[in-house]
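Engineer: What follows is a structure written as structure tokens; I'll ask about it next.
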Amino acid sequence: MVDLRAFAFIDQLQRQMVSYIGSASRGYYPVTGQAALFLEIAPGMEINTITDAVMKKSNVRPGALVVERSFGMLEVHADDPADVQEAGQVILDFLGCRENDRLKPKILSTETIERLNPYMSQIVNRFRAASMSLSDDTLYVLEVVPAGYAGYAANEAEKAADITINHVSVYGASGRVYLAGTTSDIQAAKYAAETALGSLDGREH
């Protein structure tokens with residue numbers, strides 16, 4: 001049996017989020033304004049047959065495909081949100097489930113660090129896959145399970161505030177989002193990300 005862990009529709013990808021996907025994945029890169037879907041399932045190998053079904057039955061492009069022993073993650077996107085919604089329905093039909101059979105996002109931890117020390121900023125920049133944080137920035141870190149929801153949270157945060165995306169991890173045991181900016185912008189981004197995650201229904205962990 002395949003467990004639907006994460007299933008998150010994005011109506012409009014933001015500029016930094018598409019740039020991050022382009023820097024970190026090896027698929028067909030999205031562009032700003034496209035709609036997208038983040039999917040995570042278990043066991044991981046089943047993501048291959050799901051991807052095959054989606055490519056044959058819907059008009060979307062795969063931006064990221066990650067196959068692990070435990071979890072599999074797929075991101076697809078298209079210009080028309082209806083195409084992405086159709087791809088989501090193909091996935092649900094293939095799995096024989098409904099959207100609210102997914103796991104609800106569960107926030108494991110959040111941290112807000114004001115006035116980053118220059119050395120702390122440099123450490124963050126060493127592992128980041130997106131833009132750099134600067135000394136004296138305020139840093140926000142979000143950890144969520146399933147990991148597939150991290151991309152959704154980062155995109156919603158970028159919609160709400162003028163922040164910098166430092167890093168997003170959308171696969172593995174948990175997902176992580178690192179954002180930097182002024183304290184007021186980070187507060188707005190934090191509220192947007194956590195509210196968006198809280199709005200998604202599904203099974204309890």
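The values are calculated or read from the model by the stated rules, or taken from the named source; none is laboratory data. Keep in mind that this is a model prediction, so the values were computed, not measured. Neighbour counts run over all protein chains shown; Cβ positions are idealised from the backbone, glycine included.
Engineer: I want to confirm something. Restricting to the range 100-120 and keeping residues that are closer than 16 Å to residue 140 by Cα and in contact with a Phe, Trp or Tyr (Cβ under 9 Å, 6 or more places away or on another chain), which single residue is surrounded by the fewest Cβ atoms within 10 Å (Cβ to Cβ)?
Structural biologist: Applying the filter and picking the extreme gives 111.
Engineer: One residue is enough: does the range 71-86 have a residue meeting the conditions touching a strand residue (DSSP E or B) at 6+ places or on another chain (Cβ under 6 Å) and more than 24 Å from residue 32 (Cβ to Cβ)?
Structural biologist: Scanning the range 71-86 turns up at least one residue that is touching a strand residue (DSSP E or B) at 6+ places or on another chain (Cβ under 6 Å) and more than 24 Å from residue 32 (Cβ to Cβ).
Engineer: To continue, here is another question. I'd like the full set of residues that are more than 18 Å from residue 150 (Cα to Cα) and not in a strand (DSSP E or B), limited to the range 66-87.
Structural biologist: 69, 79, 80, 81, 82, 83, 84, 85, 86, 87
Engineer: Could you list all residues from the range 165-184 that are farther than 23 Å from residue 104 by Cβ and surrounded by fewer than 20 Cβ atoms within 10 Å (Cβ to Cβ)?
Structural biologist: 182, 183, 184
Engineer: Among the strands (runs of 3 or more DSSP E) contained in the range 93-205, which hold 3 or more residues that are of a type in the set (A, V, I, L, M)?
Structural biologist: 106-113, 138-145, 175-181
Engineer: Assuming residue 45 fulfils every condition listed in (1) buried (at least 16 other Cβ atoms within 10 Å of the Cβ); (2) in the same structural domain as residue 22 (by TED's automatic domain parsing); (3) hydrophobic (A, V, I, L, M, F, W, C) apart from one, which condition is it?
Structural biologist: (1)
Engineer: Sticking with this structure for a sec: Give me the pairs, please: first residue somewhere in the range 111-131 and of a type outside the set (Ser, Thr, Tyr), second residue anywhere and surrounded by fewer than 16 Cβ atoms within 10 Å (Cβ to Cβ), beta-carbon distance under 6 Å, and either six or more positions apart or on two chains.
Structural biologist: That search, which allows pairs on different chains as well, returns 114/183; 115/136; 116/135; 118/135; 125/132; 129/23; 129/24.
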